[in-house]
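Below is one structure, written out as C-alpha coordinates; comments come after it.
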Amino acid sequence: VAEAAAAVGNFVARDPNAAIYFPRLLAAVGARARRPRSFAASGAIAAVIARTDRERGVWKAPAGIEARLNCVAGLSRAVSGHENGLLSRQGVHVLRSFPVYGPLVWGARTLAGYDGSGSEWQYIPSRRLALHIEESLDRGTRWAVFEASGEPLWAKIRSAVGDFMQSLFRAGAFQGATPGDAYFVRCGPDTTSQADVAQGTTNLLVGFAALKPAEFLLIRLAIRTAATGS
(Lines give C-alpha, C1' and ligand atoms only; values in the text may rest on other atoms or scores of the structure.)
Protein backbone atom coordinates (compact mmCIF):
# COMPACT_ATOMS: atom_id res chain seq x y z
CA VAL A 1 0.00 0.00 0.00
CA ALA A 2 2.86 2.37 0.80
CA GLU A 3 4.32 1.58 -2.63
CA ALA A 4 1.08 2.60 -4.36
CA ALA A 5 0.73 5.73 -2.23
CA ALA A 6 4.29 6.73 -3.13
CA ALA A 7 3.49 6.26 -6.82
CA VAL A 8 0.52 8.61 -6.50
CA GLY A 9 2.73 11.13 -4.73
CA ASN A 10 5.14 11.17 -7.68
CA PHE A 11 2.49 12.84 -9.85
CA VAL A 12 2.52 16.62 -9.59
CA ALA A 13 -0.95 16.86 -11.12
CA ARG A 14 -3.69 14.28 -10.91
CA ASP A 15 -4.38 13.89 -14.60
CA PRO A 16 -7.95 12.78 -15.44
CA ASN A 17 -6.52 10.92 -18.44
CA ALA A 18 -4.21 8.78 -16.31
CA ALA A 19 -4.70 5.86 -13.91
CA ILE A 20 -2.60 3.87 -11.46
CA TYR A 21 -2.97 0.12 -10.93
CA PHE A 22 -1.61 -1.85 -7.97
CA PRO A 23 0.02 -4.34 -7.42
CA ARG A 24 2.33 -5.69 -10.14
CA LEU A 25 1.46 -8.88 -11.98
CA LEU A 26 3.23 -12.25 -12.08
CA ALA A 27 3.77 -14.23 -15.27
CA ALA A 28 6.22 -16.72 -16.68
CA VAL A 29 8.64 -15.16 -19.16
CA GLY A 30 10.13 -17.55 -21.72
CA ALA A 31 9.41 -21.20 -22.48
CA ARG A 32 11.95 -22.45 -19.91
CA ALA A 33 11.02 -20.09 -17.10
CA ARG A 34 10.77 -21.89 -13.77
CA ARG A 35 9.55 -19.00 -11.70
CA PRO A 36 7.13 -16.21 -12.65
CA ARG A 37 8.48 -12.68 -12.76
CA SER A 38 6.71 -9.50 -11.75
CA PHE A 39 5.92 -6.80 -14.27
CA ALA A 40 3.87 -3.63 -14.54
CA ALA A 41 0.20 -4.15 -15.31
CA SER A 42 -0.13 -1.54 -18.08
CA GLY A 43 -0.09 -3.95 -21.02
CA ALA A 44 -2.59 -6.33 -19.43
CA ILE A 45 -4.85 -3.42 -18.46
CA ALA A 46 -4.78 -2.12 -22.05
CA ALA A 47 -5.95 -5.56 -23.19
CA VAL A 48 -8.80 -5.54 -20.65
CA ILE A 49 -9.89 -2.08 -21.80
CA ALA A 50 -9.80 -3.11 -25.46
CA ARG A 51 -11.83 -6.25 -24.71
CA THR A 52 -14.39 -4.27 -22.71
CA ASP A 53 -14.71 -1.70 -25.51
CA ARG A 54 -15.35 -4.46 -28.04
CA GLU A 55 -17.81 -6.45 -25.97
CA ARG A 56 -19.65 -3.75 -23.99
CA GLY A 57 -18.67 -0.30 -25.27
CA VAL A 58 -16.32 2.49 -24.25
CA TRP A 59 -18.85 3.60 -21.60
CA LYS A 60 -18.54 0.33 -19.64
CA ALA A 61 -16.09 0.37 -16.74
CA PRO A 62 -13.14 -1.97 -17.42
CA ALA A 63 -13.49 -3.51 -13.96
CA GLY A 64 -15.33 -6.23 -12.09
CA ILE A 65 -15.77 -9.94 -12.71
CA GLU A 66 -15.77 -9.40 -16.48
CA ALA A 67 -12.38 -7.66 -16.31
CA ARG A 68 -10.25 -10.79 -15.97
CA LEU A 69 -6.51 -10.57 -16.38
CA ASN A 70 -5.84 -13.44 -18.77
CA CYS A 71 -2.48 -15.23 -19.09
CA VAL A 72 -1.45 -13.99 -15.65
CA ALA A 73 -0.02 -16.36 -13.04
CA GLY A 74 -1.06 -14.14 -10.15
CA LEU A 75 -0.38 -10.88 -8.34
CA SER A 76 2.86 -9.78 -6.71
CA ARG A 77 1.00 -9.38 -3.42
CA ALA A 78 -2.49 -9.90 -2.07
CA VAL A 79 -4.55 -6.82 -1.23
CA SER A 80 -7.08 -7.03 1.61
CA GLY A 81 -10.53 -5.47 1.52
CA HIS A 82 -9.38 -2.83 4.02
CA GLU A 83 -6.35 -1.93 1.90
CA ASN A 84 -8.58 -1.89 -1.18
CA GLY A 85 -10.75 0.78 0.46
CA LEU A 86 -7.78 2.93 1.45
CA LEU A 87 -6.23 2.82 -2.00
CA SER A 88 -9.52 3.39 -3.82
CA ARG A 89 -10.10 6.58 -1.85
CA GLN A 90 -6.73 7.81 -3.18
CA GLY A 91 -7.73 7.10 -6.76
CA VAL A 92 -5.67 3.91 -7.07
CA HIS A 93 -7.10 0.90 -8.92
CA VAL A 94 -6.58 -2.34 -7.08
CA LEU A 95 -5.98 -5.65 -8.79
CA ARG A 96 -7.38 -8.51 -6.75
CA SER A 97 -7.66 -12.25 -7.07
CA PHE A 98 -10.79 -14.16 -6.10
CA PRO A 99 -11.64 -17.87 -6.08
CA VAL A 100 -13.22 -19.07 -9.34
CA TYR A 101 -12.56 -15.75 -11.12
CA GLY A 102 -8.81 -15.38 -10.63
CA PRO A 103 -7.00 -12.03 -11.02
CA LEU A 104 -9.36 -9.13 -11.76
CA VAL A 105 -9.29 -5.36 -12.21
CA TRP A 106 -11.17 -4.07 -9.18
CA GLY A 107 -11.51 -0.32 -9.70
CA ALA A 108 -12.36 2.30 -12.33
CA ARG A 109 -11.18 5.71 -11.17
CA THR A 110 -8.93 8.15 -12.96
CA LEU A 111 -5.94 9.57 -11.15
CA ALA A 112 -8.08 12.65 -10.48
CA GLY A 113 -10.75 10.49 -8.85
CA TYR A 114 -9.61 10.51 -5.23
CA ASP A 115 -12.20 11.12 -2.54
CA GLY A 116 -12.97 14.78 -2.08
CA SER A 117 -11.47 15.83 -5.40
CA GLY A 118 -14.75 17.10 -6.80
CA SER A 119 -13.53 16.29 -10.31
CA GLU A 120 -16.23 15.60 -12.88
CA TRP A 121 -13.81 13.15 -14.48
CA GLN A 122 -13.50 10.82 -11.51
CA TYR A 123 -14.26 7.65 -13.42
CA ILE A 124 -12.54 6.04 -16.38
CA PRO A 125 -15.70 5.21 -18.37
CA SER A 126 -17.03 8.78 -18.11
CA ARG A 127 -13.69 10.27 -19.13
CA ARG A 128 -13.14 7.85 -22.01
CA LEU A 129 -16.71 8.32 -23.26
CA ALA A 130 -16.17 12.10 -23.26
CA LEU A 131 -12.92 11.72 -25.18
CA HIS A 132 -14.64 9.38 -27.65
CA ILE A 133 -17.47 11.86 -28.21
CA GLU A 134 -15.13 14.84 -28.51
CA GLU A 135 -12.85 13.14 -31.04
CA SER A 136 -15.81 11.81 -33.04
CA LEU A 137 -17.42 15.25 -33.19
CA ASP A 138 -14.15 16.91 -34.16
CA ARG A 139 -13.68 14.49 -37.06
CA GLY A 140 -17.35 14.43 -38.01
CA THR A 141 -17.75 18.22 -38.36
CA ARG A 142 -14.65 19.08 -40.39
CA TRP A 143 -16.80 19.37 -43.50
CA ALA A 144 -18.09 22.68 -42.10
CA VAL A 145 -14.77 24.45 -42.71
CA PHE A 146 -15.96 25.73 -46.11
CA GLU A 147 -19.48 26.62 -44.93
CA ALA A 148 -20.62 30.05 -43.76
CA SER A 149 -21.63 30.16 -40.11
CA GLY A 150 -25.33 30.86 -39.70
CA GLU A 151 -28.65 29.17 -39.02
CA PRO A 152 -28.55 26.88 -42.12
CA LEU A 153 -25.16 25.51 -41.04
CA TRP A 154 -26.10 25.38 -37.36
CA ALA A 155 -29.19 23.32 -38.21
CA LYS A 156 -27.07 20.84 -40.20
CA ILE A 157 -24.60 20.53 -37.33
CA ARG A 158 -27.39 20.02 -34.77
CA SER A 159 -28.92 17.33 -36.98
CA ALA A 160 -25.65 15.46 -37.60
CA VAL A 161 -24.50 15.63 -33.98
CA GLY A 162 -27.98 14.75 -32.73
CA ASP A 163 -28.00 11.63 -34.89
CA PHE A 164 -24.62 10.60 -33.47
CA MET A 165 -25.68 11.18 -29.86
CA GLN A 166 -28.95 9.32 -30.47
CA SER A 167 -27.00 6.31 -31.76
CA LEU A 168 -25.00 6.29 -28.51
CA PHE A 169 -28.21 6.63 -26.50
CA ARG A 170 -29.75 3.62 -28.26
CA ALA A 171 -26.57 1.65 -27.60
CA GLY A 172 -26.90 2.30 -23.86
CA ALA A 173 -24.05 4.79 -23.44
CA PHE A 174 -26.02 7.29 -21.35
CA GLN A 175 -28.21 7.37 -18.27
CA GLY A 176 -31.85 8.37 -18.65
CA ALA A 177 -34.95 6.79 -20.14
CA THR A 178 -35.51 9.53 -22.72
CA PRO A 179 -33.15 11.44 -25.02
CA GLY A 180 -33.94 14.64 -23.11
CA ASP A 181 -32.63 13.09 -19.90
CA ALA A 182 -29.64 11.51 -21.65
CA TYR A 183 -28.10 14.26 -23.78
CA PHE A 184 -28.53 17.63 -25.44
CA VAL A 185 -26.99 19.41 -28.45
CA ARG A 186 -26.77 23.19 -28.78
CA CYS A 187 -25.42 25.07 -31.77
CA GLY A 188 -26.86 28.45 -32.64
CA PRO A 189 -26.99 32.09 -31.56
CA ASP A 190 -26.90 31.02 -27.90
CA THR A 191 -23.45 29.43 -28.39
CA THR A 192 -22.01 31.49 -31.27
CA SER A 193 -21.76 35.29 -31.27
CA GLN A 194 -21.58 37.52 -34.34
CA ALA A 195 -17.91 38.10 -33.53
CA ASP A 196 -17.39 34.32 -33.70
CA VAL A 197 -19.20 34.22 -37.05
CA ALA A 198 -16.98 36.97 -38.43
CA GLN A 199 -13.87 35.10 -37.33
CA GLY A 200 -15.01 31.81 -38.84
CA THR A 201 -15.91 29.92 -35.67
CA THR A 202 -19.06 28.04 -34.76
CA ASN A 203 -19.35 26.88 -31.16
CA LEU A 204 -20.96 23.55 -30.31
CA LEU A 205 -22.08 22.58 -26.80
CA VAL A 206 -22.95 18.97 -26.05
CA GLY A 207 -24.05 17.53 -22.71
CA PHE A 208 -24.42 13.88 -21.81
CA ALA A 209 -25.56 12.04 -18.69
CA ALA A 210 -22.88 9.51 -17.81
CA LEU A 211 -23.76 8.82 -14.16
CA LYS A 212 -27.29 10.11 -13.46
CA PRO A 213 -30.18 11.15 -15.72
CA ALA A 214 -30.28 14.89 -16.50
CA GLU A 215 -26.92 15.50 -14.77
CA PHE A 216 -24.83 16.44 -17.76
CA LEU A 217 -21.10 16.42 -18.39
CA LEU A 218 -20.26 19.09 -20.96
CA ILE A 219 -18.17 19.10 -24.11
CA ARG A 220 -17.43 22.36 -25.90
CA LEU A 221 -16.10 22.33 -29.44
CA ALA A 222 -15.05 25.27 -31.62
CA ILE A 223 -15.71 24.32 -35.24
CA ARG A 224 -13.79 26.13 -37.96
CA THR A 225 -16.09 27.62 -40.60
CA ALA A 226 -15.72 30.13 -43.43
CA ALA A 227 -14.90 33.58 -42.06
CA THR A 228 -17.25 36.40 -43.05
CA GLY A 229 -15.21 39.32 -41.74
CA SER A 230 -11.73 40.71 -42.24
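The values are calculated or read from the model by the stated rules, or taken from the named source; none is laboratory data. As the structure is a computational prediction, the values presented were derived from the model and not from experiment. Quick reminder, even Gly has a Cβ in these numbers, built from the backbone with ideal geometry, and neighbours come from all protein chains shown. What goes into the accessible areas is simple: the full protein's heavy atoms, side chains included, and nothing from ligands, DNA or RNA. Shrake-Rupley method; radii C 1.70, N 1.55, O 1.52, S 1.80 Å.
Anisotropy class assigned to the range 96-230 is prolate, per the alpha carbon gyration tensor with a/c at or over the 1.5 cut-off and a/b larger than b/c. Accessible area ranking (1.4 Å probe, heavy atoms, ligands and nucleic acids excluded), largest first, for TRP143, TRP154: TRP143, TRP154. Using C-alpha pairs below 8 Å separated by at least 6 residues, the relative contact order for the range 83-230 is 19 percent.
Close amide H partners of TYR123, meaning residues 5 or more places away or on another chain with modelled amide H under 5 Å apart, are THR110. Between ARG24 and SER117, the C-beta separation translates, for a Förster distance of 25 Å, into a calculated FRET efficiency of about 0.45. Per residue, the chain exposes 54 Å² of solvent-accessible protein surface, assessed with a 1.4 angstrom probe and all protein chains in place. 3J(HN,Hα) couplings calculated from phi for the range 156-166 with the Karplus curve 6.51 cos²θ - 1.76 cosθ + 1.60 (θ = phi - 60°) are, in sequence order, 5, 5, 4, 5, 5, 5, x, 4, 5, 5, 5 Hz; Gly and Pro show x.
In order along the range 205-213, the Karplus-derived 3J(HN,Hα) couplings, from 6.51 cos²θ - 1.76 cosθ + 1.60 at θ = phi - 60°, round to 10, 10, x, 9, 9, 8, 10, 9, x Hz, and Gly and Pro are given as x. Here the Karplus curve 6.51 cos²θ - 1.76 cosθ + 1.60, taken at θ = phi - 60°, turns the phi angles of the range 17-26 into couplings of 9, 10, 8, 10, 10, 9, x, 6, 9, 10 Hz, with x standing for Gly and Pro. Between THR201 and THR225, the built amide H atoms are under 5 Å apart, and every one of these is 5 or more places off in sequence or on another chain.
As I understand it, the value is the acute angle between the Cα axis of helix 124-140 and the longest principal axis of the Cα atoms of the chain; what does it come to in degrees, rounded to 10? The angle comes out near 40 degrees. Within the full protein context, the accessible area of LEU129 is estimated at about 0 Å² for a probe radius of 1.4 Å. Note on Cα Rg over 2.2 N^0.38 Å: of the candidates [x] 1.00; [y] 1.34; [z] 1.25, the value calculated from this structure sits at [z]. In this label model, ASP53 and SER97 are separated by 2.9 nm, measuring between points 7 Å along each Cα→Cβ vector. To test your reading of the geometry: what angle, between 0 and 90 degrees and rounded to tens, separates the Cα axis of helix 42-55 from the longest principal axis of the chain? That helix lies at roughly 50 degrees to the long axis. Only DSSP H runs of four or more residues enter the estimate; each adds -39500 (n - 2.57), and after division by the residues of the chain the mean residue ellipticity at 222 nm equals -10500 deg cm²/dmol.
For the chain, the carbon plus sulfur part of the accessible surface works out to 53%, probe radius 1.4 Å. Accessible area per residue was computed with a 1.4 Å probe on protein heavy atoms; ARG51 scores about 40 Å². For ALA148, the residues whose amide H sits under 5 Å from its own are ALA226, ignoring neighbours fewer than 5 places away on the same chain, with H placed 1.01 Å from N. Taking 0.36 nm per residue of separation and subtracting the current Cα-Cα distance, fully stretching the chain between ARG77 and ARG35 would add 13.6 nm. Computed packing ranks the peptides 210-220, 182-192, 63-73 as 182-192, 63-73, 210-220, most packed first, by mean other Cβ atoms within 10 Å.
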